[in-house]
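Taking it in order: structure first as structure tokens, then the write-up.
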């Protein structure tokens, strides 16, 4: 983000930069609404698999809300 030329209009930025900015805006809006961000959503399947594997220290049904508040 620090490498972006903020003096250029959004439309003139490279596609990669525009995509990253849009993703950051989307994640910021999701956080404001108390919803999971794209990173948190990608983490859910991994955590669910770890939650239910043999020898897991977690107990009870998988509940993503139990860990998402720790990240904020």
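Computed from the C-beta positions of residue 23 and residue 46 and an R0 of 25 Å, the FRET efficiency is 0.80 to the nearest 0.05. Convex hull volume of the Cα atoms of the range 1-55, normalised per residue: 115 Å³.
Tell me, what is the FRET efficiency for residue 12 and residue 38 to the nearest 0.05, using R0 = 30 angstrom and their Cβ-Cβ distance as r? List each step's numbers first, then the result.
Numbers: r = 25 Å, r/R0 = 0.84.
Once the sixth-power term is evaluated, E becomes 0.75.
Every number here is computed from the coordinates shown, using simple stated rules; none is lab data. In this text, all values refer to a predicted model and were calculated from it rather than measured experimentally. In this analysis, Cβ positions are derived from the backbone assuming ideal geometry, glycine residues included, and neighbour counts consider all displayed protein chains.
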